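Before any comments, here is the structure.
The values are calculated or read from the model by the stated rules, or taken from the named source; none is laboratory data. Not measured: the values here are computed from a predicted model. Positions of Cβ are backbone-derived with ideal geometry, glycine not excepted, and every protein chain shown enters the neighbour counts. Heads up: the accessible areas ignore ligands, DNA and RNA and are worked out on the full protein's heavy atoms, side chains in. Shrake-Rupley method; radii C 1.70, N 1.55, O 1.52, S 1.80 Å.
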Amino acid sequence: PENLVKSEYIVGQGSGPCLYQGTGLATDSANPLVINVLTASSSAYSHNPQEMIKDYPHAVGKNTVLIAGLQARNNARVLVFGSIQFLSDEFMTGKIEATGKVAGNLQVATDLARWCFKQSGVIRIDRIEHKSLSSDTKLPGFYTIREECEFSVKISELVKGQWVPFQANDVQMEFVRIDPFVRKTMVGDKKSGVFKAKFTIPDVYGVFKFVINHSRLGVTSVYSSNQISVHPLRHNQYERFIYSAYPYYASAFSMMAGVFVFAFVFLHHKDDEGKPKKE
């Protein structure tokens with residue numbers, strides 16, 4: 001159905017129309033952990049058909065959720081169906097009257113079961129590395145400001161019981177000191193599942209962290225944090241002459257020239273002797 005959530009990890013490639021008979025659910029749209037797996041059409045509403053409608057129904061239109069899911073912060077998964085018959089043999093083998101084709105309940109239920117029991121949409125971080133591009137040193141103890149760095153992470157995905165390289169184009173890393181100083185989208189290798197990002201260490205020293213916080217619809221959330229210190233330049237790493245310091249250089253040399261001229265005049269200048277006073 002068109003009202004299925006747009007995620008291949010949860011519902012696969014989609015299916016044909018489904019048979020449904022039950023109640024509607026109302027979910028909290030402000031909760032980022034809740035997933036509206038299957039919603040009703042825009043003309044639907046949920047109410048007891050044996051009672052007269054006196055008040056405005058709580059679930060109307062596409063706000064009426066037929067199947068809801070939840071993925072907790074620890075990646076535990078739960079599915080809630082508003083219809084027990086959706087999973088019955090009668091509905092799974094039944095046919096749609098308008099088309100005469102078998103309903104898509106079986107395919108949707110199979111994909112949802114695989115997702116709920118973590119047979120799909122499961123990823124993990126296998127390895128994290130970072131190195132200095134200037135010295136080609138892997139996992140250094142510290143970095144220096146304005147140094148070129150490369151950060152890489154290997155992510156695997158569980159597919160049919162085996163761990164294979166994860167493929168995505170939206171994996172991001174952050175270089176954080178309280179707030180992110182650097183945020184970059186990493187470039188992945190489809191064959192190895194290794195994602196890399198190159199960046200320049202900020203011109204600020206302190207204690208930083210390499211942070212990976214990947215949370216996407218239908219996929220388990222992965223988080224990683226690695227602490228690293230950033231040092232200022234050593235005394236022999238500064239430039240011989242700093243362009244921004246030219247005014248100070250000029251003032252220092254002008255002061256030296258002024259002192260030299262003053263000393264020369266003071267030492268070699270002699271006042272004219274005045275005429276002696278007569279008694």
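Counting only residues that are surrounded by fewer than 15 Cβ atoms within 10 Å (Cβ to Cβ) and of a type outside the set (D, E, K, R), give me the strands (runs of 3 or more DSSP E) lying completely in the range 166-245 with at least 3 of them. Can you show your working first?
Values: elements: 172-177, 179-185, 194-200, 206-214, 222-231.
Per the criteria, 206-214, 222-231.
Look through Lys6, Lys95, Lys62, Lys54 and report the one residue that is within 37 Å of the chain's Cα centre (by Cα), more than 23 Å from Leu158 (Cβ to Cβ) and among the charged types (D, E, K, R). Can you show your working first?
Numbers: Lys6 fails: more than 23 Å from Leu158 (Cβ to Cβ); Lys95 fails: within 37 Å of the chain's Cα centre (by Cα); Lys54 fails: within 37 Å of the chain's Cα centre (by Cα).
Exactly one residue qualifies, and that residue is Lys62.
Please verify whether Asn63 is of a type in the set (S, T, N, Q), open to solvent by less than 70 Å² (accessible area, probe 1.4 Å) and either in contact with a strand residue (DSSP E or B) (Cβ under 7 Å, 6 or more places away or on another chain) or modelled with pLDDT under 85 (or both), treating the condition exactly as stated.
Values: of a type in the set (S, T, N, Q): yes; open to solvent by less than 70 Å² (accessible area, probe 1.4 Å): no; either in contact with a strand residue (DSSP E or B) (Cβ under 7 Å, 6 or more places away or on another chain) or modelled with pLDDT under 85 (or both): yes.
Answer is no for this residue.
Of the residues that make up the range 140-151, is at least one surrounded by 13 or more Cβ atoms within 10 Å (Cβ to Cβ), over 16 Å from Val211 (Cβ atoms), among the polar types (S, T, N, Q) and touching a residue at least 24 places away in the same chain (Cβ under 8 Å)?
yes
Looking only at the range 101-115, count how many residues are more than 21 Å from Ala40 (Cα to Cα) and open to solvent by less than 40 Å² (accessible area, probe 1.4 Å).
Taking the range 101-115 as the starting set, the residues that turn out to be more than 21 Å from Ala40 (Cα to Cα) are 114-115.
Pick out the ones that are also open to solvent by less than 40 Å² (accessible area, probe 1.4 Å) and you get 115.
Result for the range 101-115: 1.
May I ask you to list the residues in the range 2-58 that are of a type in the set (D, E, K, R) and either in contact with a strand residue (DSSP E or B) (Cβ under 7 Å, 6 or more places away or on another chain) or open to solvent by less than 50 Å² (accessible area, probe 1.4 Å) (or both)? Outline the logic, then answer.
Step one: filter the range 2-58 for residues of a type in the set (D, E, K, R), giving 2, 6, 8, 28, 51, 54-55.
Passing the criteria: only Asp28.
Hey, could you check the range 73-94 for residues that are assigned to a loop (DSSP other than H, G, I, E, B) and open to solvent by 30 Å² or more (accessible area, probe 1.4 Å) and say which is farthest from Ser221 (Cα to Cα)? Walk me through how you get there before you give the answer.
Our first condition is that a residue be assigned to a loop (DSSP other than H, G, I, E, B); within the range 73-94, this holds for 73-76, 82-84, 88, 94.
Adding the requirement that they be open to solvent by 30 Å² or more (accessible area, probe 1.4 Å) leaves 73-74, 76, 84, 88.
Numbers: Arg73: 8, Asn74: 8, Ala76: 10, Ile84: 30, Ser88: 32 Å.
Across the range 73-94, the extreme among qualifying residues is Ser88.
May I ask you to list the residues in the range 200-250 that are within 30 Å of Ile155 (Cα to Cα) and basic (Lys, Arg)?
Correct list: Lys209, Arg216.
Do any residues in the range 212-235 that are under 19 Å from Phe199 (Cα atoms) have Cβ atoms under 6 Å from those of residues that are of a type in the set (Ser, Thr, Tyr), where the two are at least six apart or on different chains, and which pairs are they?
Ile212/Ser224; Asn213/Tyr223; Val230/Tyr143; Val230/Tyr205; His231/Thr144; His231/Tyr205; Pro232/Tyr205
Checking Ile125 against (1) among the aliphatic types (A, V, I, L, M); (2) part of a strand (DSSP E or B); (3) surrounded by 17 or more Cβ atoms within 10 Å (Cβ to Cβ), only one condition comes out false. Which one?
(3)
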